[in-house]
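First the structure, in the form of structure tokens, and then the observations on it.
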Amino acid sequence: MKTKKLSKIEFKHQRVLIVWAAIICLYGFIFYYVPLVGWLMAFQNYKPVLGVFKSEFIGLDKFKFLFEDESFIRVIRNTFAMGIINLVCTFVMAILFAILLNEIKTKGSKKVVQTISYLPHFLSWIIVTGILHDALSGSGIINELLMNFHIISKPIDFFAHEGYFWPIVAFANVWKETGWNAIIYLAAITSIDPSLYEAAAIDGAGRWAKIKHVTLPGIKPTIMILLLMNVGNILNAGFEIQYLLGNGLVQKVSQTIDIYVLKWGISQADYSLGTAAGIFKSVVSIGLILVFNNIAKRHGEERLF
Amino acid sequence: MEQKRRRKKISGADLAFRICNGIFMIAFVIVTLYPVLNTLAISFNEGTDALRGGIYLWPRVFTLKNYTTVLQKDNLITGAYITVLRTIIGTLLALVTNAILAFIVSRKNFIFAKSVSLFWVITMYVNGGLIPTFLLYKSLGLTNSFAVYVIPGMISAFNMLVIRTYMRGIPDSLEESAQLDGAGYTTIFLKIISPLCKPVYATVALFVAVFQWNSWFDAMLYNRMSTQYTTLQYELMKLLSSVSNQSSSAEAMKNSEGSITPTSIRAAATIVTMLPIVCIYPFLQKYFVTGLTLGGVKE
């Protein structure tokens, strides 16, 4: 009896919270949940005039088409390949950069290098790809350097050969995000107990030994968590740069699932096929996230005991 | 004697390490800065002269003409205006709504706190994808409008979680004593919690502002036909693709506009587009460092 009365007062008191929560969740429902209804389109021969509720259902035909389409299989391969290459390269570089930056003991120069390292993160992909085009063009700095050192005799057209595309994308990602990604590792390194370094020094450990036996084990939990979190996002890592850098000559290796969706769904206005490809991506993504979150959890438990 | 030799040996290795590390850092800085400084040099160099190549960090034939041309292009001016507008309005809207939501879900007594939290966390992992979203915006009348820049992405679970984590760190006693004084939740939010949250508000504002400033895809997808809503990045993208497709048409442009080439125009436009962010970010470092560490703690 008493609790009921109390909760009534509480309810009155919380009315303002409830009203705001309702407004905000209504917004969230419209912009994040309603689009899920659109998934029905993938199982329909969707006609804009008829809408989602009246279009004819055709079962899994669109998915059948997808998996019989050679270019879709290639697009899946490209997305995974670039996702994994980018993940590995950006991870290794960020960790390496954080560790080496931490070894700089002059505070001023450390600060300057770190500030500069953030810069590319704040540039849009439009600007980054523009810069890349300049640097890698026939008269660009890379070709000039290579020719000056007599490594090549005539300029390489980097954007005309399929073999260069994935490395260029990986390099661009490393260039853009190394400093930014290193922030979290630097924070983790700062939280390592300084007495561990002192103890290592007493045991006669040099710089390398300290990095290997103190720093790396110290940031290992951070590395594992970020790695597992990012593996789930592999498929989301491929749109802007591939779209902006790709061209007809390299499209076999440059196109990703997102570009495929854009090409079929928007340019060709085959909404059903675009949605089907999008669903495939979403489902695989969620699957990856669940699997790796599970592994992360188990990993965490193992660390506890 | 033995002791001394060992110390000397260590400091020798130490010296080698320091030198290698120094070289690595210098190389890193060069690779990061050179492309930007090179673009800057080209933007101040006379257009036709720049085509000869050989410009590295300093312009050879100095001119401001690239900039005066860029700043007179109508589409770039419209783009700049819309970009500034969407950055300001978008940031304000996102900040207010995310703060309110974070406040709601961080109230320990609120009966729906957990369910509202979950409702938003789900949106981080499940979304309809490009096509259903596109059709939704179209049916809501958001295409060919300014609203499409600032309304759809307004509340994001990530930003909400960053603010929520920060709010949870504020002692409950503050809220409790205010409640004893008869303050409602609105007063608590405005007068007690928000003033303490200034650092995390700054962090989220920075994230949203950078996102807004650098967006181009929404302009291309939803407002392709409405040139009055074009953005700076999208105009820059059009400049870029026109250059890479027809770099040989430099001559044609030269005749009509003197010594201006697409490359030099593009360099100037690139610098104009990146300038505001490049000038501001060094002073806001502590904010995004906090933001990233808060965002890392999701649960």
Checklist entry - Near A:Tyr46, within a Cβ-to-Cβ distance under 15 Å, what is the net charge of the other residues, with Lys and Arg +1 and Asp and Glu -1? => result +1
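I'd like to verify something in chain A: which complete DSSP H helices, judged by Cα projection on the helix axis, reach 20 Å or more and average at least -1.0 on the Kyte-Doolittle scale? Display every interim value, and only then the final one.
Working: long enough: A:70-102 (48 Å, 1.58); A:162-190 (42 Å, 0.61); A:216-231 (21 Å, 1.56); A:271-304 (49 Å, 0.49).
In chain A, the long hydrophobic H runs are A:70-102, A:162-190, A:216-231, A:271-304.
To the nearest 20 debye, what charge dipole does the protein assembly as shown have about its Cα centre, counting +1 at the Cβ of each Lys and Arg and -1 at the Cβ of each Asp and Glu? Please list the in-between numbers first.
Numbers: 54 positive and 34 negative charges, 350 e Å.
I would put it at about 1680 debye.
Which value, in debye to the nearest 20, describes the size of the charge dipole of the stretch A:2-57 about its Cα centre when Lys and Arg Cβ atoms bear +1, Asp and Glu Cβ atoms bear -1, and nothing else is charged?
Details: 8 positive and 2 negative charges, 122 e Å.
With Lys and Arg at +1 and Asp and Glu at -1, about 580 debye.
Averaged over every viewing direction, what's the projected area of the C-alpha convex hull for chain A? Give it in nm², one decimal, please. Mind dumping the intermediate values first?
Values: hull surface 108.7 nm².
Averaged projected area of chain A's Cα convex hull equals 27.2 nm².
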Checklist outcome for this item: What one gets for chain B as the Kirkwood radius, inverse of mean 1/r over different Cα pairs in Å, is 23.3 Å
Checklist entry - Mind checking which helices in chain B clear 27 Å along their axis (Cα) and have mean Kyte-Doolittle hydropathy of 1.0 or more, DSSP H runs only? => result B:74-105, B:262-280
Checklist entry - Picking from B:Thr186, B:Thr230, B:Thr123, which is most flexible by a Gaussian network model of chain B using Cα springs under 10 Å? => result B:Thr186
Checklist outcome for this item: Low-density loop trypsin sites (Lys or Arg not before Pro), the stretch B:49-117, at most 12 other Cβ within 10 Å, DSSP non-H/G/I/E/B, are B:Arg52, B:Lys108
Checklist entry - Relative contact order for the stretch B:93-232 using alpha-carbon pairs under 8 Å, separation at least 6, rounded to a whole percent? => result 36 percent
Checklist entry - Which of A:Met82, A:His13, A:Thr115 sits closest to the plus end of the dipole of chain A, meaning its Cα is farthest towards the positive end, when Lys and Arg get +1 and Asp and Glu get -1 on the C-beta? => result A:His13
Checklist outcome for this item: With 0.36 nm assigned to each residue of separation and the Cα-Cα distance removed, B:Leu174 to B:Gln72 gains 31.3 nm
Next on the checklist: Between the stretch B:120-178 and the stretch A:161-226, what is the separation of their alpha carbon centroids in Å?
Outcome noted: 32 Å
Checklist entry - Which value, in debye to the nearest 20, gives the size of the charge dipole of the stretch A:64-304 about its Cα centre, when Lys and Arg are +1 and Asp and Glu are -1 at the Cβ? => result 520 debye
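Kirkwood-based Rg over Rh for the stretch B:109-254 (C-alpha set), two decimals? Intermediate values should be presented prior to the final figure.
Numbers: Rg = 21.9 Å, Rh = 19.2 Å.
With Rh from the inverse mean 1/r over Cα pairs, Rg/Rh is 1.14.
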Checklist entry - For the stretch A:32-69 and the stretch A:100-136, what is the separation of their Cα centres, given in Å? => result 44 Å
Item to check | Shape parameters for the stretch A:2-57, alpha-carbon atoms, Rg then Dmax in Å | outcome: 19.9, 59
Checklist outcome for this item: Taking only the alpha-carbon positions of the stretch A:161-305 as identical scatterers, the Debye log10 I(q)/I(0) at q = 0.16, 0.19 Å⁻¹ comes out as -1.01, -1.18
Item to check | Most positive-pole-ward Cα, B:Thr293, B:Leu92, B:Tyr185, against dipole of chain B from beta carbon charges | outcome: B:Thr293
Checklist entry - Of the residues B:Gly47, B:Gly22, B:Gly129, which exhibits the maximal mean-square fluctuation in a Gaussian network model of chain B defined by a 10 Å Cα contact cut-off? => result B:Gly22
Checklist outcome for this item: Full extension between A:Ala199 and A:Ile18 adds, at 0.36 nm per residue less the Cα distance, a length in nm of 59.7 nm
Checklist entry - Which whole-angstrom value gives the distance between the alpha carbon centres of the stretch B:79-117 and the stretch B:179-214? => result 9 Å
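In Å, what Kirkwood hydrodynamic radius results for the protein assembly as shown from the alpha-carbon pair distances? Don't skip to the answer; put the middle values down first.
Details: mean 1/r = 0.0368 Å⁻¹.
Averaging 1/r across every pair of different Cα atoms and inverting gives 27.1 Å.
Partner chain Cβ atoms within 10 Å, averaged over the residues of A:112-118 - can you pull that number for me? Please report the intermediate quantities before stating the final value.
Values: counts 3, 5, 2, 4, 8, 4, 7.
Taking all residues of A:112-118 together, the mean is 5.
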Checklist entry - Given labels modelled 7 Å from the Cα in the Cβ direction, how far is it in nm from A:Ile152 to B:Ile122? => result 5.2 nm
Checklist outcome for this item: Other residues with Cβ under 12 Å from the Cβ of B:Phe44 give, with Lys and Arg +1 and Asp and Glu -1, a net charge of 0
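How high is the FRET efficiency between A:Ala81 and B:Lys108 when r is their beta carbon distance and R₀ equals 41 Å, given to the nearest 0.05? Show your work: numbers first, answer last.
Values: r = 47 Å, r/R0 = 1.14.
Result of the calculation: an efficiency of 0.30.
Where a number appears in this text, it was derived from the coordinates with a stated rule and is not lab data. The structure presented is a predicted model; accordingly, all values stated were derived computationally and were not measured. Because the Cβ atoms are built from the backbone with ideal geometry, glycine has one as well, and the counts that use them run over all protein chains shown.
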